[in-house]
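One structure below.
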There are 2 protein chains.
Amino acid sequence: MPSGEENVILTVDVTLFTLQRGALAVALQRRDRAPFSGRPALVGGYVHPEEDRDTMATALRVLREKAGLGKVFLEQLMTFSGLNRDPRGWSASVAYYALVPEQDLAPLAAREILIVPAEEARGLPFDHDAIVAKGVERLRGKGSYSSLPAFLLPETFTLTQLREMYEKVMGVSLNDSAFRRKIEELHFVEPVEGAYSKVTARPARLYRLRRPALTEFDRRL
Amino acid sequence: MPSGEENVILTVDVTLFTLQRGALAVALQRRDRAPFSGRPALVGGYVHPEEDRDTMATALRVLREKAGLGKVFLEQLMTFSGLNRDPRGWSASVAYYALVPEQDLAPLAAREILIVPAEEARGLPFDHDAIVAKGVERLRGKGSYSSLPAFLLPETFTLTQLREMYEKVMGVSLNDSAFRRKIEELHFVEPVEGAYSKVTARPARLYRLRRPALTEFDRRL
DNA sequence: CGAATAGTGTCTGTGAGACAGTATTCT
DNA sequence: AGAATACTGTCTCACAGACACTATTCG
């Protein structure tokens, strides 16, 4: 029998991304217990083996219990581990990232959760700085060849909103007509019959994702 | 104090990729203990917290102890977890994948390790089928926009060898002159001064990676 | 010399950026 | 009408595939 697998702490940490004032932001929750009690950190918690089907279930439960969030886009990022990341001892944290449209953030208000711009999420406890950095990196990378940025938008959106979201996530500016062409060709979104957004001078057609899950493209947007 | 984190099994599993007879293959090791004793499975083992700095160290140790391998390309894939993947109970396995040139496989011979084509690695115990599938997926995906396939080649290689490796990993055929142009532009490899491979009719210039680590490209190869 | 493979030069089609031009709504 | 934003059409340039052509070695 192997000897050394006792006393390993297994947790899940979620980097919850959203948009705030037009910039990519992450949710930080003030910790209510030691270690680092009172300090803002990623939303996370212990894996409960008797309750959680797997770590994805842990992430969903943590989002529900600690942030009041139900359906969100959630994907595993990577696992961070080692002796020094948690003062309680050797630990492994399976990190996830979630994408939540700004409109769906209402449940967070009651829960001591701050939304801070992604670049300002520094000096966090544990190795949460590294987790956030990795999440941003993944978001930028995968954003350019997948429907990922669309999950930061409400269910229906205009092509201008979609382009602007890609621009914010990828940190570049995109040519409008080329963008429309590519969206047309990739057809991972479809127009909602007869639905128009009326917030701008000329009403714009509303689109929605054709599939509820992430779509990856052959080429970059 | 939280209640449910005891008795969680934490392991590491490594999908060791190599090339055999021109096709992508994985290393499987006959298990020497329960569960699934005697069945071929991925190379893996328990995390030893008092010995392993982190799970990457576990992977390196397991490769050293069980496969006799030292320096190999190693990257985290993702973590697989849940109640049903291991008959011993709720477990989490941090999966890694390794790339080893065919020439470096000598140490495996003495160790009950089989090399089987990636598509034939089916019916493995635990959820190792899923881990292999995810590894192949990652390899194919990342191979097209990074120097990843080069890590399956010996230290120096010809451009024809490099192209063929990309073709095998990505499962497509590439235009030779276009490939050479892109390699030139991306310059993640450099010619070795005065070194030529003499295995073909006309000797070919030998190249090596400019950086020992993975390089990601802006565009696809 | 011919076979075989390495490596180069050039043509062409496709697709992306640029940007002008048209459409629709509001004040 | 004019502003503002949505959307479309077209020009051009760059790049990738195709492929012919040259280079070098061996038998």
Original post:
Quick one: accessible area per residue over chain B, 1.4 Å probe, rounded to a whole number of Å²?
Top reply: 48 Å²
Subject >> Surface accessible to a 1.4 Å probe, A:Met56 within the full protein complex, Å² >> reply: 70 Å²
Original post:
Can you give the calculated 222 nm mean residue ellipticity of chain B, where each DSSP H run of n ≥ 4 adds -39,500 (n - 2.57) and the sum is split over every residue, rounded to the nearest 500 deg cm²/dmol?
Top reply: -7500 deg cm²/dmol
Subject >> Relative contact order %, the stretch A:9-142, counting alpha carbon pairs below 8 Å whose residues are six or more apart >> reply: 33 percent
Original post:
Over its Cα atoms, what ratio of radius of gyration to 2.2 N^0.38 Å does chain A give?
Top reply: 1.11
Original post:
Got the A:Ala106 label distances to the other copies yet, label 7 Å along Cα→Cβ, in nm, shortest first?
Top reply: 6.9
Original post:
the stretch B:1-97: Rg/Rh from Cα coordinates, Kirkwood Rh?
Top reply: 0.99
Subject >> Shortest-first distances to equivalent copies, position A:Arg53, nm, label 7 Å out along Cβ >> reply: 3.8
**OP:** State the residue of chain A whose Cβ is nearest the axis carrying A onto B, and the distance in whole angstrom.
**Re:** A:Thr79, 2
**OP:** Would you compute the Debye intensity of the stretch B:72-181 from its alpha-carbon atoms alone, equal scatterers and no solvent, and pass along log10 I(q)/I(0) at q = 0.12, 0.14, 0.23 Å⁻¹ to two decimals?
**Re:** -0.52, -0.69, -1.38
**OP:** Using θ = phi - 60° and the Karplus relation 6.51 cos²θ - 1.76 cosθ + 1.60, list the HN-Hα couplings for the stretch B:76-85 in order, rounded to whole Hz, with x at every Gly or Pro.
**Re:** 5, 9, 5, 9, 10, 8, x, 6, 9, 6
Original post:
Residues of B:65-78, mean number of Cβ from any other protein chain within 10 Å of their own Cβ, rounded to a whole number?
Top reply: 1
Original post:
Which residue, chosen from A:Ala109, A:Ala25, A:Thr55, occupies the Cα position most advanced towards the positive end of the dipole of the stretch A:1-135, where the dipole is computed from +1 (Lys, Arg) and -1 (Asp, Glu) charges on Cβ about the Cα centre?
Top reply: A:Ala109
**OP:** Sort B:His48, B:His187 from largest to smallest accessible area, using a 1.4 Å probe on the heavy atoms of the protein chains.
**Re:** B:His187, B:His48
Original post:
Counting only Cα, what are the radius of gyration and maximum Cα-Cα distance Dmax of the stretch B:148-209, in Å?
Top reply: 11.2, 32
Original post:
Where the label is 7 Å out from Cα toward Cβ, how close does B:Asn175 come to the same position in every other copy, in nm, shortest first?
Top reply: 2.0
Original post:
Mind checking the mean number of beta-carbon atoms from other chains within 10 Å of the Cβ atoms in B:79-88?
Top reply: 5
Subject >> the protein assembly as shown - percent of accessible surface contributed by carbon and sulfur, probe 1.4 Å >> reply: 49 percent
**OP:** With 29 Å as the limit, write out which pairs from A:Lys142/A:Lys198; A:Lys66/A:Lys142; A:Lys66/A:Lys168; A:Lys134/B:Lys71; B:Lys142/B:Lys198; A:Lys168/B:Lys168 have Cα-Cα distances beyond it, or answer none.
**Re:** A:Lys142/A:Lys198; B:Lys142/B:Lys198; A:Lys168/B:Lys168
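Do any GluC sites (Glu not before Pro) in the stretch A:147-221 lie in a loop, going by DSSP, with at most 15 other beta-carbon atoms within 10 Å of their beta carbon, and if so which?
A:Glu155
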Original post:
What's log10 of I(q)/I(0) for the protein assembly as shown at q = 0.07, 0.08, 0.13 Å⁻¹, Debye sum over Cα points only, no solvent?
Top reply: -0.41, -0.53, -1.26
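The values are calculated or read from the model by the stated rules, or taken from the named source; none is laboratory data. Only a predicted model underlies this, so the values are computations on that prediction, with no experimental measurement involved. Cβ coordinates were reconstructed from backbone atoms using ideal geometry, including for glycine residues, and neighbour counts include every protein chain displayed. The area values use the complete protein model at the heavy-atom level, side chains included, leaving out ligands, DNA and RNA. Shrake-Rupley method; radii C 1.70, N 1.55, O 1.52, S 1.80 Å.
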